[in-house]
Amino acid sequence: MDTATPAVTVALHDGESVVAESTQVDARRHGELLLPAVDRVLKEAGLKLDAVTGIVVGVGPGPYTGLRVGLVTAATFASAVGVPVHGLCTLDGLAYASGIEEPFVVATDARRKEVYWARYENRRTRVTDAAVDRPAEIAEQVAGLPVVGAGARLYPEFFPDARDPEHQSAGALAALAAERLAAGADFLDPLPMYLRRPDAQVPKNYKVVTPK
């Protein structure tokens, strides 16, 4: 599952292929949409949660609130069923889904007129850490490269070669995880990758009221 972007996406993978998948794009309803999506995917597959042997979750980068929905749900399910949780960078899922086998960039919407982004050698190999920047600040670094994700469509003046997919797919994330599990590769801890402070913060210089 992944809720680090506007896409609330859930998939069930059997180690060889995607059995069922649900993706809904709504940046404001992650908490409402995730659990029904899990139920829908399990029902389509004719299985219950206790059939799951592992959980893969996108750890971001992404906005504070939406990202936490997926991570908390993944941890809760894993605890209830007694299975491991494997974290993957959300950008890696988009990269894998692109199918591109030449250098390219993944860029998602970070709000505040910024993008979360990283460079890739091919769809399986990220060559930079995920970062957050204004498109103008990285335009020279990514010039001439295809750009996958919603960021390319939001800022076409800086990313003219936009490629699909625009939104995250849990099916692609699961397929990438299945490859890595088979190869004995490492995963990220299932902890949020924020890259910056959350939008909601305690106001500065607020008035303190004390009892008399």
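The values are calculated or read from the model by the stated rules, or taken from the named source; none is laboratory data. Since this is a predicted model, take the numbers as computed values, not measurements. Note that we place each Cβ from the backbone using ideal geometry, even for glycine, and neighbour counts take in every protein chain shown. Side chains are part of the model used for accessible areas, which takes the heavy atoms of the whole protein and leaves out ligands, DNA and RNA. Shrake-Rupley method; radii C 1.70, N 1.55, O 1.52, S 1.80 Å.
Some points to look at:
- DSSP beta bridge pairing in the chain, given as percent antiparallel to the nearest 5: 70
- Residue-normalised accessible area of the chain, given per residue in Å² at a 1.4 Å probe: 53
- For the stretch 45-66 and the stretch 142-174, distance of Cα centres in Å: 23
- Entry note, the chain: the mean residue ellipticity at 222 nm calculated from DSSP H runs of n ≥ 4, each adding -39500 (n - 2.57), is -10000 deg cm²/dmol after division by the residues and rounding to the nearest 500.
- Computed E for Asn122/Asp189 - FRET, C-beta separation, R0 22 angstrom, nearest 0.05: 0.30
- Nearest-20 debye value, the chain charge dipole, Cβ charges on Lys, Arg, Asp, Glu: 1180
- Whole-Hz Karplus values for the stretch 7-18 come out as 7, 9, 10, 9, 8, 10, 10, 9, x, 10, 7, 6 Hz, taken residue by residue from phi with 6.51 cos²θ - 1.76 cosθ + 1.60 and θ = phi - 60°; glycine and proline positions read x.
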